Amino acid sequence: MKKFFVIIALVVFFSSCNEYQKAMKSEDVSVKFDVATKMYEAGKYGKAIRLFEQIAPAYKGKPSAEKMFYMYSQSLYKTKQYYLAGYQFESFAASYPKSQKIEECAFLGAKCFSKLSPVYSLDQVDTFKAIDKLQSYIDEYPESPNLAEANLLVKELREKLEKKAFEIAKQYNTISDHKSAIVALDNFVINYPGTPFKEKALYYKLDSAYNLAINSVPSKMQERLENAKVAYSNLTKFKADTEYKKTADEMLARIENDLKQFSK
């Protein structure tokens, strides 16, 4: 019995392959469309794409063009060809503004750009594009069932930009350019007031202020020690149980001890 089902499966498989090969060689666009639709519905998106690519130029303006371009866009998306999928979804939305699929395509088109957003350390051009596309979608479809996901994607993308900005500011601390670090980290906190990296930014500002102070010439040490003390206060006010509490407390003890020489 098992052998029988294997034989049937092989017959269906080779029949499908034969049908696909014939469609690829056929000059009849309706045959290509029918087989491409079968491939799409069977989840064979790569084969569907190759057929859609052959008939796309000829199908513009035809009654079934909307369905064809929707399946083509989806096939590209499902095979993770996000640049092409994003273009096709946007083209679909522009070509078929009254389509029942327009909201879905607008969302997926914007989502494609979020998929193209690289790791934070690389150029973030696609991240900015993704945020713009998703925000436009949110503004256009405020009641969309995709709204929660769209807002989450925007949040994640913005956090990526914030992480990049934070790492750039932190880099000054890493290379011991403490004056520049203090300025850069201050600017970061001002520019991103709700950032999840605020605690880290406040700590690294304290670290830079502390190192700048204890390595200062005597004429500048008191002022810089006081600035470092303020940096400690800002960190602990923001989060009393900061993960950096032990190190920060050790810095404060050194700061207060060094300040004693100026109170005599």
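Which entries in the list LYS129/LYS237; LYS25/LYS60; LYS163/LYS237; LYS160/LYS246 go over 26 Å, if you measure between the two C-alpha atoms of each? Cα-Cα > 26 Å for LYS129/LYS237; LYS160/LYS246; rest within. Across ARG224, ARG50, the residue with the most accessible area heads the list, and the full order at a 1.4 Å probe is ARG50, ARG224.
To the nearest 10 degrees, how steep is helix 198-214 against the longest Cα principal axis of the chain, on a 0 to 90 scale? That works out to roughly 30 degrees. Under 15 Å from the Cβ of ALA201, count the other residues' Cβ atoms, weight Lys and Arg +1, Asp and Glu -1, and hand me the total. Summing Lys and Arg as +1 and Asp and Glu as -1 gives +1.
By how many degrees, between 0 and 90 and to the nearest 10, does the Cα long axis of helix 178-191 differ from the longest principal axis of the chain? Approximately 50 degrees, to the nearest ten. Shown here for the range 180-264: GluC sites (Glu not before Pro) in loop regions (DSSP other than H, G, I, E, B) with at most 16 other Cβ atoms within 10 Å, namely GLU243.
From the coordinates of this entry, Kirkwood radius over Cα pairs in Å is computed, and it appears in [x] 20.1; [y] 23.2; [z] 18.2 under the label [y]. Taking Cβ atoms as reference points and 12 Å as the exclusive limit, the residues near LYS245 contribute a net charge of -3, counting Lys and Arg as +1 and Asp and Glu as -1. For SER180, the shell of other residues with beta-carbons less than 13 Å away shows a net charge of +1, using +1 for Lys and Arg and -1 for Asp and Glu.
What's the center-to-center distance, using Cα atoms, between the range 198-236 and the range 80-133 in Å? Computed from Cα coordinates, the inter-centre distance equals 45 Å.
Counting only Cβ charges, +1 for Lys and Arg and -1 for Asp and Glu, the dipole size of the chain around its Cα centre is about 700 debye.
The values are calculated or read from the model by the stated rules, or taken from the named source; none is laboratory data. Since the structure is predicted, the reported quantities are computational estimates derived from the model, not experimental observations. Every residue, glycine among them, receives a Cβ derived from its backbone with ideal geometry; neighbour counts consider all protein chains shown. The protein model used for the area step is the full one, side chains on, heavy atoms only, and it has no ligands, DNA or RNA in it. Shrake-Rupley method; radii C 1.70, N 1.55, O 1.52, S 1.80 Å.
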